[in-house]
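S.K.: Below you'll find the structure I mean.
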Amino acid sequence: MANIIVVGAQWGDEAKGKIVDYLAQRGSMVVRYSGGNNAGHSVIVGEEEFKFHLVPAGILHPDLLCVIADGVVADPGILVKELKALSDRGVTLSNLKISAACHIILPYHRLQDELEEESRGDEKIGTTGRGIGPAYADKSARHGIRMGEFIDDERFAARLKSVLASKNAVFTKVYGREPLDADAILSEYREYAKFLAPFVTDTAALIYEAAASGKGVIFEGAQGTLLDIDLGTYPYVTSSHPIAGGALLGTGIGPTLIDGVIGVAKSYTTRVGAGAFPTELNDETGAAIREKGHEYGTTTGRARRCGWLDAVILKYACRVNGLSALALGHLDVLSGFKEVKICVGYQSGDGTRLSDMPSNLASRTDLTPIYETLPGWTEEIDQISQWEELPHNAQAFVHRVQELIGVPVVTLSLGPARHQTIILNERVLQTGK
Ligand code: IMP
């Protein structure tokens, strides 16, 4: 099987876990390459629902190796809780590996996240408050603590004390807060370190071996293209690289080992947190999508902002990720609308028409979406298993999306369960192309 990157093509929450779970049946390894416990996804197996924040969705397949790679920032307490919960439900963890090079999130990162958000006033990003931005900032500033150091008791104590001294100076002098206590953190986090130590290794070498052997590695993205620190709607982004390029940076694999990139998108658009969202619907249609699609965050429970599908954004995602295919999901949520819309361009304040995403989208308040309106379908489609059985108008919607973005739609998801999937192109799923 091919080495395939699965990437979110919108602003996250596209249900990447489901397609990863599907591909994982044939691969030998699933690798989570970026983000932290700001992400959250659910996989439904039979009657059981599993929720993940850090552990790759592939963990439900006992014969697969699952890797949390270098590009992830891992909160040890959350990770231990997630692993213990999985183990309590009978899921085997012997196939999990954690990179010694991934950075860890500590209590001062969460406090920093909260204080920095507060100080942004009206320009809040709407972060998940999990300490993600501060942890990546420390990584770039070269005072982050990596997993390999964390599980070395002496080294961790020394590093923590040194980093915390400068963090506490900021907490007390700038924000007028109480300092954090190094000993209290040490005694709690040593327990996590002991639990995690057996899983920690040099994962870059393992991933290389699996990718080069042709047994199939699935690179599991978190968040989505438009939340990328460089290519997203900056500054309303996360602090990592959710895009396909992030899978290389975050694992230590070179581009020539990648066979294909599958983007995942909903049949409409959602976003959590602040920032530009041209097709957002602040009306009963947006509310109807939210209710029908259960659009509330897995991690924070926040109501997601909802709107029509934006093909301009999708085309951009195709370009910056080099998408070979699209997995289109949540099509069932559009059932019942008299008509459905797809944004095919933006009208700018000076009257010009844009058909490509402008790089300054985040600060463009003058853009109005230009829509194509298609007839809707009334039938519920969540139990349909064949393309031919879909209502004609649902098929036409999929065809039009495919035409607009110029890459094939290879799977359709009609609900969260494994069986609620229509495979349109098995060859692409096998070969990545
Ligand atoms: P942070 O990643 O917690 O720093 O949050 C930065 C921005 O990314 C905020 O708008 C969050 O709502 C958004 N974000 C982070 N992770 C996710 C995700 O998994 N899904 C959707 N939005 C996310």
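S.K.: So residue 234 passes all but one of these: (1) touching an Asp or Glu at 6+ places or on another chain (Cβ under 9 Å); (2) in a helix (DSSP H, G or I). Which condition number does it fail?
M.R.: Among (1) touching an Asp or Glu at 6+ places or on another chain (Cβ under 9 Å); (2) in a helix (DSSP H, G or I), residue 234 violates only (2).
S.K.: Test of understanding: among 305, 271, which residue is without any contact (Cβ under 8 Å) to a residue 60 or more places away in the chain, within 14 Å of the ligand (Cβ to nearest atom) and of a type in the set (Lys, Arg)?
M.R.: That would be 305, the only listed residue that is without any contact (Cβ under 8 Å) to a residue 60 or more places away in the chain, within 14 Å of the ligand (Cβ to nearest atom) and of a type in the set (Lys, Arg).
Conditions (1) at negative phi; (2) among the hydroxyl-bearing types (Ser, Thr, Tyr); (3) open to solvent by 30 Å² or more (accessible area, probe 1.4 Å); (4) more than 16 Å from the ligand (Cβ to nearest atom), marked per residue:
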| position | (1), (2), (3), (4) |
| --- | --- |
| 293 | yes, no, no, no |
| 301 | no, no, yes, no |
| 309 | yes, no, no, yes |
| 316 | yes, yes, no, yes |
| 321 | yes, no, no, yes |
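S.K.: Something else about it: State whether the residues of the stretch 263-286 include one that is on the phi > 0 side of the Ramachandran plot and either among the hydrophobic types (A, V, I, L, M, F, W, C) or out of contact with any Gly (no Cβ under 9 Å at 6 or more places or on another chain) (or both).
M.R.: Scanning the stretch 263-286 turns up no residue that is on the phi > 0 side of the Ramachandran plot and either among the hydrophobic types (A, V, I, L, M, F, W, C) or out of contact with any Gly (no Cβ under 9 Å at 6 or more places or on another chain) (or both).
S.K.: Hey, any hits in the stretch 238-255 for a residue that's free of Cβ contacts under 8 Å to residues at least 24 places away in the same chain, under 28 Å from residue 342 (Cβ atoms) and in a loop (DSSP other than H, G, I, E, B)?
M.R.: No: the stretch 238-255 contains no residue that is free of Cβ contacts under 8 Å to residues at least 24 places away in the same chain, under 28 Å from residue 342 (Cβ atoms) and in a loop (DSSP other than H, G, I, E, B).
S.K.: If you check residue 283 against the conditions, is it open to solvent by less than 30 Å² (accessible area, probe 1.4 Å) and among the acidic types (Asp, Glu)?
M.R.: When the stated conditions are applied, residue 283 does not pass them.
S.K.: If you don't mind, there's one more thing I want to ask. Against the definition (open to solvent by 20 Å² or more (accessible area, probe 1.4 Å), touching a helix residue (DSSP H, G or I) at 6+ places or on another chain (Cβ under 8 Å) and away from the ligand (no atom under 13 Å from the Cβ)), how does residue 259 come out, yes or no?
M.R.: So residue 259 passes the test.
S.K.: Further, regarding this structure: If you take the residues of the stretch 96-119 that are in a helix (DSSP H, G or I) and either among the polar types (S, T, N, Q) or in contact with a strand residue (DSSP E or B) (Cβ under 6 Å, 6 or more places away or on another chain) (or both), which of them is farthest from the ligand (Cβ to nearest atom)?
M.R.: 119
S.K.: Specify which of the listed residues (67, 80, 45) is modelled with pLDDT under 95 and either over 26 Å from residue 249 (Cα atoms) or more than 14 Å from the ligand (Cβ to nearest atom) (or both).
M.R.: Answer to the selection: 45.
S.K.: How many residues are over 23 Å from the mean Cα position of the chain (by Cα) and of a type in the set (D, E, K, R) if we restrict to the stretch 73-115?
M.R.: Matching residues across the stretch 73-115 total 2.
S.K.: Taking only the stretch 134-145 into account, find how many residues are farther than 19 Å from residue 113 by Cβ and buried (at least 18 other Cβ atoms within 10 Å of the Cβ).
M.R.: Total meeting the criteria: 0.
S.K.: How many residues does the stretch 78-95 contain that are open to solvent by 30 Å² or more (accessible area, probe 1.4 Å) and either closer than 16 Å to residue 53 by Cα or part of a loop (DSSP other than H, G, I, E, B) (or both)?
M.R.: 9
S.K.: Answer yes or no: is there a residue in the stretch 11-20 that is part of a helix (DSSP H, G or I), touching a residue at least 12 places away in the same chain (Cβ under 8 Å), open to solvent by less than 10 Å² (accessible area, probe 1.4 Å) and away from the ligand (no atom under 16 Å from the Cβ).
M.R.: No - not one qualifying residue is present in the stretch 11-20.
S.K.: Next question. When the stretch 122-174 is examined, which residues are found to be free of Cβ contacts under 8 Å to residues at least 24 places away in the same chain, within 16 Å of the ligand (Cβ to nearest atom) and among the hydroxyl-bearing types (Ser, Thr, Tyr)?
M.R.: The answer is 140, and nothing else.
S.K.: Quick one: is residue 110 on the phi < 0 side of the Ramachandran plot, surrounded by fewer than 24 Cβ atoms within 10 Å (Cβ to Cβ), among the charged types (D, E, K, R) and assigned by TED's automatic domain parsing to the domain that holds residue 177?
M.R.: Yes; evaluated as a whole, the condition is true for this residue.
The values are calculated or read from the model by the stated rules, or taken from the named source; none is laboratory data. From a predicted model like this one, the values you see are computed outputs, not experimental measurements. FYI the Cβ positions are ideal-geometry reconstructions off the backbone, even for glycines, and counts take in every protein chain you see. Accessible surface is based on the protein model in full, side chains and every heavy atom, while ligands, DNA and RNA are left aside. Shrake-Rupley method; radii C 1.70, N 1.55, O 1.52, S 1.80 Å.
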